[in-house]
Structures are given as C-alpha cells and as structure tokens.
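Student: Take a look at this one; I'll ask things after.
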Amino acid sequence: MNFRKILALITIILLGIFILQAFLIIPEKGEIALNNFGKADIENRTAQLYIDKSVNSTNEQVIYKESKDKESGSANIVTSIVANYRALDTLGEVTVLFLAATGLSAILYNKKHAKSNFILKEDSFILKNGIKILFPLLILAGSYIIIYGHLSPGGSFQGGAVIATAFLLKLLSSKEYELDENILKIIEVTAGVSFVSIGLYGLYAEGSFLTNFLETGTIANLFSGGIVPIIYITIGLKVAVELTNIINDLMKA
Amino acid sequence: MTLLYSLLILLMLISGIAALIFDKLVNSIISAGMVSLIAAFLFYFLRAPDVAMAEAAIGTGLSTAIFIITLYKTEGRGN
Amino acid sequence: MIDFLEKWSFFGGSVLLILIGLYGVITRKNLIKIFIGLSLMDTGINVLLVSLGYVEGGIAPIITSTINNNSYNFVDPIPQALVLTSIVIGVAVLALGLGVIIKIYEKYNTLDISEIRGLRW
Amino acid sequence: MVNLILIIALPLLAAFLIPLFNYINKKLPSIVVFLTTAINLLIIILNYNQIILEPVIIELGNWQAPFAINIYVGTLELISITVISIISLIIAFYNLNHSNFSSESKFHTLYSIIIAGIYGIVMTGDIFNLFVFIEITTVAAYGLTTFNKDKGYEAAIKYIIIGSISSVFLLMAIGFTYSAVGSLNMAVIAAASNLINPGLVRIISLLFFVGIAFEAGILPLSIWVPDVHSIAPSAVSSTLSGLVFLAGITALIKIFFNLFADPSLYVFLMIIGAISLIIGELIAYQQDDIKRMLAYSSIAQMSLVLTIISVGTKYAISGGLFQLFNHAILKTLLFLTAGLMIKYAGSRNISDFGGIAKKIPLIAVGFSVGSLGILGVPFFNGFVSKIMIVNGSLNAGEYILTFLVLFATVIEMAYYLKVIQTIFFGKISINPHKIVKSYVPIIVLITVVFLLGIYPELITKPLNQATGELLSRSDYISNVLGGM
C-alpha cells in the first residue's frame, strides 16, 4: 500500500458516498427523487406510452395476434423503442461501431495483408470438424435472432454478435481460412447506406427522418413491424460485419 | 429469491476484485468474463431478456475473446 | 436484513462494481488491467441502469402468447433500450483501445505504464 | 425550408459510402467530404432566416414532441451550427491537399462522422441522444488521434481511458435523471426540474459536469488535451480545439441553463472555471512546443467562457458566447498555420521558428492575426468580445473575476507576443523543409476575423437574441411541449 493507492482509495470512497447518497434522499411532499428498487414509476410516463403504443394515438389495448396497425407493430417493446421510437440513437450506435472498426483498421493498417497467426495450438480433428458443424448452426441462430427480433427476446445486436462469434471460431480453427474483405466491405456499405436511406425515404415520403412509413400489421405476426424488421436486418448485418472486421483486424495485427 | 440475487451480486463483486488483483492476465480476463456472465444472469432476473442476451453474447463472449487475442498479441506471445 | 438486501443489493452492488473498476483504472499499471477496469465500470453502469427501471413483480416487456395484452405489470423498457446501446458502444471503445494497446506493445515491448514515456503519471 | 436533420444524415451517409468511393478513385473521398460540408453550409443558410424568427423543433420519426427524440434549433444552436459549418468547410478544403496518410480514406470517414457528431451534440434535445453523439464525437477523435504514427498511440490511450470514465458518469447522470423524471426529453426535464429534490439536482448536475466537461476542455478532466491536440495532425487539432470544444461548451450551457437552472451551481462553475483559467494560462506560458502552448491556451479560453457565462447576466453571457465563437475561428487559424510552420521548420519548438516570416509571410501573418485576435487587439474579432466580457463581469459586481480575466490576458500577451516576436524578428536558423502551399483557407479565415472585428453586429445581434432565449427557460419549455 503506497501513498498513491491510499489516495485512490480515499477518492473512491468519497465518490461512493457522494453517489450513494443520491439513493438515500427522501423526498419531501411534492418533490421527486430516485425511485426505490423495484418501484420504478411507469404510469403516465413515456414508458407507458411506448408499452401502449399510443404516442400519436389514443390509449387502446394491445392484444396478441389481434391488434392491428399499432404504431410500431412489434411485439417486443424494447425492439420497438430501439428501432422505431428512438431509432436515431441506434443509428448513432451503429456509427460508433463503424467508427471503431474503421479506426482499428487504420491503426493496424501496416500489416493488413498478413495472415492470422492466432490459432489454437493443436489443430485437433474434433475441434476442426466441431466448428465445421457449429459454424452454419451459429449463422442460422444469429439470423433467426435478428429476423425474429421484433417478436421475441433478442435482436440485431445479439444476433450480429452471434454471427461474429461464428466467424471468430472459424478463424480460430484453421490457418487457411480467410475472410474475403471485398465481400465484407460490400455488406458494410450496403447495410449502412440502406439504414440511412430508409431514414431519408421517411423524410421524403412522410416528412420526418426515420419514420415508420410501411404499413404495420397484426401484432406478433412476422410481417408486422413496418420498417422495424428491415431496420433490424440492416443493423444486424452492420453489427455482424463490424464485429467480424474488428476480430479479423485484431487477429492479423 | 432476494438472497440468491444478493449472493450473485456478491460473487460478481468478488470476481471483479479478483480480476484486478490476479497476477496472471489470463486469470484476470476470465474473471472479468465471469463478472459479465453474472451480470447477464442479473439482467435476466431483472426481466430484461434482451439485455441479458446482449450481455452474454457481447460482454461475455466477444469482449473476452478480444481481450484474449490482445493478450496473445502482446505479453502472451512468448507462452 | 432481507429488506436491506432487497433495497440495496442491486443499487449498492452496481455502484460498488463501478467504484472497483475505477479503483483498478487508477491504480493498476498494466494497460490490459486498466481496460479490464473500464469494462467492469461499463458492466456496473449497465446493471445500475436496468435496475433503476425494475418494477417489483413486473414481467419482461414482450407481448407473447401467454402475456397476450399490454395491461400486465411490465418493467420499464426504456432503460433496457438504453443499455443495449451502451453495451455496443462499450465493446466498440474497448476494441479500439485494445488495438492501440497492441501498437503500444509493438513500440515499447511492455504494457507497464510506468515504463512508457508519455503515459506515466 | 429544408429539414435540418439532413446536416447530420448526409455526413453519415457520405461516411458509410466512402469505402465505395475509395474503390473508384483514391482522391474521391476527400472531395465527397468537402462537398457534403459545402451542402451543409447551404442547408443552414437556406434555413437561417426562418430560424432566427422562431426556433425550429424537428420531431424524428413523426412521433409527438416530448415522447421521442427531437432536435431543437434555437438561435444559439443556429449560430453554433453556422460557425461549425463554415469552419468544417474550411478544414475540409485544407484536407483536400494535406491529408497524405497511409490510410487516407479512413481519415476522411472519421472526419465526416466527427462533424456529424458535433452537429448532433449542438442540436439534440434529448439527453441520451446527447450521450450517443458525444460518444460518436469522441470515438472519431480517438481514431483521428492515432493518425500520427509517431506518438499518437500514447495520447490516444490517455484519451480513451479518460473518455470512458467520463462516459460512465454521464450515463449515471442520465439514468438518475430518467429515474426521477421519467423522460429523457430536455424540455420535460426542465419543466420538472423545480420538483426534483435540490440535493439530487446537485448530484445529477455534478455528474453531468464530469461527463461533459472532459469534452469541453475544463482542466481537472482535460489533462488529455495537450497530448492529443499537440500530437494529432493539424486539421484534427483545429477540429478538436475549435469545434469539439465549442460543442462541449454548448452542451454544458444546455445542461446548466436549460435543464437545471440552480444558482448555487453557477458559483461552482465560476470557481472551477477561474481556477482552470489561471492554471491553463500559466502552463501555456511555460511551453516551448507551439502546439502544446496552443492547446493549453484553448483550455484557458474555454474556462474563461465557462466562467463568464456562469456570471449569469445577459451582457456577460453574450460576451462569453461571442468569445466562444471567436475562439473557434481563431484556434482553427492558429492550429492550421502552426501546423504549416512546423512542417516548414521541421521542428515544433518555438525557438526554431526564428525569422520564419521572411520565408512564408502569409502563414506567419495568419498566425499573428490569430494571436492578436485571441488577445483582443482592436479591429480583431476578439476585441469586442473581450470588452463585453470585462464590462459584463464589472457590471455584475464580480471584481475579482474581472481582475483574474485581465491577469490571464496579461499572461496570454506574454506568450503570444513572444512567439510573434520570434517569427518576425528572430534569427533565421532553419533549413526549410518542403511545404504544400495552401493559401485559400488562411485568407478566408483572416477575412472572417476582420469581418467580425469591424462589423461585430453581424454576430452580436443574433447573440443577444440567443442570450434572451437562454435566460427564459419557460419559453424553451413551452416551445417544445406546446400547450402541455
């Protein structure tokens, strides 16, 4: 324990007290403060409108497989927030991922065409063939998670990460395996451009960026989210490609 | 149920501390992955299955993988 | 005891995790450990955000065949959407940082910040 | 009326397309980025007259205003985006000739996105969206820093570590605010802010301060600034110092004037700013590396702006804002010319610049104009704002502050005049390196400096309007929420 560590410890403890007292505040009458654990207030707040899908319309019940033409149409409310109500955040987030992948490839530029020298030590038969079987399954699972993201838990980030994991395993399993960077680039460009273009089309057709300009269908049907599933597929492709790029670059570094 | 959560959180904190004090970096990275994994469980208990999946896939899987790759590219190259 | 745990285990635990991570960032000398500290902070803030939106006895905000309408007691979906964004941003920054670390190792052949000119403090 | 979201969407679209353009022609990415910045300026000019009449609120995705993300462009935001678009256009023009990096197209990608992020920070009306745009800007800046293959990595690591810590605190502030108010919209939070427990308001706003001040160049959190600014390529240094700081301060102003207008916080801001001002100037005085000197001077200037704005009177705020925009223009000029001088002399030390003015007169004159502008010499744009700052703080009765500002100006004068003296009258002691000629950006910037110096009404009139809007929160709230 030298002087610096003690100083750090004191700072951290003071900071902790400072933050934790926020939870201890007991509001006087009429005042608001942080909610207690498990007592989050949703009633009459933005969250309730998202759950009711009644931001622009009046409050109606949303019923599984019955309600039609509800605002964002997707049964997974988190998805409807990510890809519809707050889609600009998601565009920003995809941009951050794109930035990280671009920056990383610029950082590790010099050795770009070197081969991956990171493989598991023994080129074991079981591992190689295991991954051969696992690879299509993971790709399938990832695609399923993306496409059904508006109906069930999961979505483009999770699915994209699963697909990237599949490529990670493939890269680990054999020296010879190389990703075709041109194809990756094409997917990357297409996905990014189509996300922005969908937004711009909304601006052109309905007068507002990232509008859900397609008809929404019956809740919990596959084709029910309007542009939500389309946006989710573009995000999913983008996430998968960027994460794969990141892994690929790091491995070749 | 509360006890289960509290135990999990305690375990998460212990793995967090362990990740910082282990000498070997591999162990640190595995401990950090452990923290992420427990966090994924906690998200599930907090009724956030989407976040749990994301944390499991990205936090536990990919983050750990890129940490390991970096370790291999740097100090781990010798071993 | 149980009441105390119920109220504090999530809030206190996640804040403590953030602080542990911050302590690691400040005191560790190895760059990879510093980044482990950063990822602990990220995890901590994510748990904190989601637990701020938890509703006792609530259910996941997905309409399914069993939870077939929206009059159930859902948990707050907005923090979950925010945390999804924050997780992805976290991994992006982490990857960029680790790429820079690899370059620094190539230059100095060490990850110890006390031996790297320009990072000592 | 063209929708203002385009100025964020177009740079992003261009950036996503750049790999394709690069495949067609290696020169194309820089041209495309230049064109998008030009189109952005055009869009803003087309909207200018309308926004000056009344603020524009853009609801994204056609959702009703307070419930989804919205973009709010009042007069302050309008002036900011105008200045940003002009400067980004000039830097994009400079990049046409000067970006010979090993991975050039990536540089332009990152540059295009950082501009989009800066616009986003300034315009957004939603606190989580603010976080996302701050992350976009910082991650792009991390990437841009590493384009100096020599020392960029150490600076980038420092930047990434400090940036990630602050972003955690920013997220915490956002989470607390959401938990208390139940909305992420700035206007809703502003409307509810007198209901929040004052202790909690203090905690949240301090967390916000920690999260954003690192972007705005306020000292305890900005220890990364000198490393990053001095090491990054000149175009990046001027973007970071001129535009990112501008965006950071605008975000701080939004938080502390629109969101939580608590007078006790202003005192805190004023003290932090004053300390940071004096320390920044003193360290700048000791520097021999010219870009480090400029970076510390930026820190000092930003602290000056923050301090003066937190005085809180109308006159002082206009002066502070004027100084903020002046600083953006002048620092762009200074960093560009300093970069060219470094290239010419092959050294970063001020003592090696002796007599450089005889060889490259225009660049030396550009640097001097920038310095004199920062010092506030008459006929330069800094003059009016310095006068406003001194008057504003005197009128508000903050005599200590006035003294500190004048003291800081004296230190500033010492180190800037030292550089000018070396450039013009020092002994020639260099064997010059090759230099790419680029006169247009410097001439344009010098013209803007004198234009604002001689006709300050060009900017003071809208600035007074902006200050008025800033001080009447109820108007802001009712603008966004309508009749609610």
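The values are calculated or read from the model by the stated rules, or taken from the named source; none is laboratory data. Computed from a prediction, not measured in an experiment: that's the story for all the values here. Positions of Cβ are backbone-derived with ideal geometry, glycine not excepted, and every protein chain shown enters the neighbour counts.
Student: Please determine whether any residue of the range A:67-81 is free of Cβ contacts under 8 Å to residues at least 12 places away in the same chain, hydrophobic (A, V, I, L, M, F, W, C) and facing another protein chain (nearest Cβ under 8 Å). Spell out the reasoning first.
Tutor: Going residue by residue through the range A:67-81, those that are free of Cβ contacts under 8 Å to residues at least 12 places away in the same chain are none.
For the range A:67-81, residues free of Cβ contacts under 8 Å to residues at least 12 places away in the same chain, hydrophobic (A, V, I, L, M, F, W, C) and facing another protein chain (nearest Cβ under 8 Å): absent.
Student: Criterion first (modelled with pLDDT of 85 or more and farther than 25 Å from D:L6 by Cα) does A:V189 satisfy it? Break it down into steps so the answer makes sense when it comes.
Tutor: Details: modelled with pLDDT of 85 or more: yes; farther than 25 Å from D:L6 by Cα: no.
So A:V189 fails the test.
Student: Exactly one of these conditions fails for D:G312: (1) surrounded by fewer than 24 Cβ atoms within 10 Å (Cβ to Cβ); (2) part of a helix (DSSP H, G or I). Give me its number.
Tutor: Every condition holds for D:G312 apart from (2).
Student: Looking at the structure I just gave you, is D:A274 part of a helix (DSSP H, G or I) and either buried (at least 24 other Cβ atoms within 10 Å of the Cβ) or without any contact (Cβ under 8 Å) to a residue 60 or more places away in the chain (or both)?
Tutor: Working: part of a helix (DSSP H, G or I): yes; either buried (at least 24 other Cβ atoms within 10 Å of the Cβ) or without any contact (Cβ under 8 Å) to a residue 60 or more places away in the chain (or both): no.
It is false that D:A274 is part of a helix (DSSP H, G or I) and either buried (at least 24 other Cβ atoms within 10 Å of the Cβ) or without any contact (Cβ under 8 Å) to a residue 60 or more places away in the chain (or both).
Student: Consider D:L78 against the criteria (1) without any contact (Cβ under 8 Å) to a residue 60 or more places away in the chain; (2) more than 9 Å from every other protein chain (Cβ to nearest Cβ); (3) under 24 Å from D:L259 (Cα atoms): it satisfies all of them except one. Which criterion is unmet?
Tutor: For D:L78, the exception is condition (1).
Student: Filter the range D:81-120 down to the residues that are within 14 Å of chain A (Cβ to nearest Cβ), part of a helix (DSSP H, G or I) and among the polar types (S, T, N, Q), then identify the one that is farthest from D:N464 (Cα to Cα).
Tutor: The selected residue is D:S105.
Student: Could I ask something else about it? Just a yes or no: is a residue in the range B:63-77 farther than 30 Å from C:K107 by Cβ, facing chain A (nearest Cβ under 9 Å) and crowded, with 24+ Cβ neighbours inside 10 Å?
Tutor: Taking the range B:63-77 as the starting set, the residues that turn out to be farther than 30 Å from C:K107 by Cβ are none.
No, because not a single residue in the range B:63-77 is farther than 30 Å from C:K107 by Cβ, facing chain A (nearest Cβ under 9 Å) and crowded, with 24+ Cβ neighbours inside 10 Å.
So that you can scan it fast, the table gives a plain yes or no per residue for (1) in contact with a Phe, Trp or Tyr (Cβ under 8 Å, 6 or more places away or on another chain); (2) more than 10 Å from chain A (Cβ to nearest Cβ):
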| residue | (1), (2) |
| --- | --- |
| C:K33 | no, yes |
| C:G44 | no, yes |
| C:S51 | yes, no |
| C:V55 | yes, no |
| C:I63 | yes, no |
| C:T66 | no, no |
| C:N69 | yes, no |
| C:Y72 | no, no |
| C:P79 | yes, no |
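Student: Might you check whether a residue that is over 13 Å from the mean Cα position of the chain (by Cα) and closer than 15 Å to B:G61 by Cα occurs anywhere in the range A:129-145?
Tutor: First, the residues of the range A:129-145 that are over 13 Å from the mean Cα position of the chain (by Cα): A:129-141, A:143-144.
Remaining after also requiring closer than 15 Å to B:G61 by Cα: A:138.
Yes - at least one qualifying residue is present in the range A:129-145.
Student: Scan the range D:318-362 for residues that are among the hydroxyl-bearing types (S, T, Y), under 20 Å from D:D150 (Cβ atoms) and part of a helix (DSSP H, G or I) and jot them down.
Tutor: Of the range D:318-362, the ones among the hydroxyl-bearing types (S, T, Y) are D:318, D:332, D:337, D:344, D:347, D:351.
Next cut, under 20 Å from D:D150 (Cβ atoms) only: D:344, D:347.
Across the range D:318-362, the qualifying residue is only D:Y344.
Student: Among all residue pairs at least 6 apart or on different chains, which show Cβ distances below 6 Å where the first residue, located in the range A:229-243, is in contact (Cβ under 8 Å) with a residue 24 or more places away in the chain and the second is of a type in the set (S, T, N, Q)?
Tutor: A:Y232/A:S156; A:T234/A:S194; A:I235/A:S156; A:G236/A:S156; A:V239/A:S156
Student: Which helices (runs of 4 or more DSSP H) does chain B wholly contain that include 2 or more residues that are β-branched (V, I, T)? Reasoning before the result, please.
Tutor: Numbers: elements: B:2-21, B:25-45, B:49-54, B:64-73.
Correct list: B:2-21, B:25-45, B:64-73.
Student: Looking at (1) over 13 Å from the mean Cα position of the chain (by Cα); (2) closer than 22 Å to D:I389 by Cβ; (3) at pLDDT below 90, which is the one condition that is false for D:G242?
Tutor: Unmet condition: (1).
Student: Does the range C:96-116 contain at least one residue that is facing another protein chain (nearest Cβ under 7 Å), surrounded by fewer than 24 Cβ atoms within 10 Å (Cβ to Cβ), among the aliphatic types (A, V, I, L, M) and in a loop (DSSP other than H, G, I, E, B)?
Tutor: Yes, there is a match, as at least one residue in the range C:96-116 is facing another protein chain (nearest Cβ under 7 Å), surrounded by fewer than 24 Cβ atoms within 10 Å (Cβ to Cβ), among the aliphatic types (A, V, I, L, M) and in a loop (DSSP other than H, G, I, E, B).
Student: Report yes if some residue within the range D:186-194 is facing chain A (nearest Cβ under 10 Å), surrounded by fewer than 24 Cβ atoms within 10 Å (Cβ to Cβ) and free of Cβ contacts under 8 Å to residues at least 24 places away in the same chain; otherwise report no.
Tutor: yes
Student: Provide a single number: the residues in the range A:63-72 that are closer than 19 Å to A:I227 by Cα and either among the small types (G, A, S) or in contact with a strand residue (DSSP E or B) (Cβ under 7 Å, 6 or more places away or on another chain) (or both).
Tutor: Applying the first criterion (closer than 19 Å to A:I227 by Cα) to the range A:63-72 yields A:65, A:67-72.
From what is left, the residues that are either among the small types (G, A, S) or in contact with a strand residue (DSSP E or B) (Cβ under 7 Å, 6 or more places away or on another chain) (or both) are A:67, A:72.
Summing the residues that are closer than 19 Å to A:I227 by Cα and either among the small types (G, A, S) or in contact with a strand residue (DSSP E or B) (Cβ under 7 Å, 6 or more places away or on another chain) (or both) in the range A:63-72 gives 2.
Student: Quick check on A:L171: is it in contact (Cβ under 8 Å) with a residue 60 or more places away in the chain and either within 11 Å of chain B (Cβ to nearest Cβ) or aromatic (F, W, Y) (or both)?
Tutor: Values: in contact (Cβ under 8 Å) with a residue 60 or more places away in the chain: yes; either within 11 Å of chain B (Cβ to nearest Cβ) or aromatic (F, W, Y) (or both): yes.
Against the criterion (in contact (Cβ under 8 Å) with a residue 60 or more places away in the chain and either within 11 Å of chain B (Cβ to nearest Cβ) or aromatic (F, W, Y) (or both)), A:L171 qualifies.
Student: Another question about this same structure. Being within 27 Å of D:L53 (Cα to Cα) and β-branched (V, I, T) is the filter; apply it to the range D:1-40 and report the residue that is farthest from the chain's Cα centre (by Cα).
Tutor: So, considering only residues that are within 27 Å of D:L53 (Cα to Cα) and β-branched (V, I, T), the one farthest from the chain's Cα centre (by Cα) is D:V2.
Student: I need the full set of residues from the range A:21-60 which are in a helix (DSSP H, G or I) and within 10 Å of chain D (Cβ to nearest Cβ), in order please. Reasoning before the result, please.
Tutor: As a first pass, look at the range A:21-60 and keep what is in a helix (DSSP H, G or I): A:21-24, A:46-52.
Answer for the range A:21-60, where residues must be in a helix (DSSP H, G or I) and within 10 Å of chain D (Cβ to nearest Cβ): A:Q21, A:A22, A:F23, A:L24, A:T46, A:A47, A:Q48, A:L49, A:Y50.
Student: Moving on. Would you confirm whether any residue within the range A:162-172 is surrounded by fewer than 24 Cβ atoms within 10 Å (Cβ to Cβ), touching a Ser or Thr at 6+ places or on another chain (Cβ under 7 Å) and within 21 Å of A:I233 (Cβ to Cβ)?
Tutor: Yes.
Student: Considering (1) within 11 Å of chain A (Cβ to nearest Cβ); (2) polar (S, T, N, Q); (3) without any contact (Cβ under 8 Å) to a residue 24 or more places away in the chain, say which one D:S164 fails and leave the rest.
Tutor: That leaves (1) as the condition not met.
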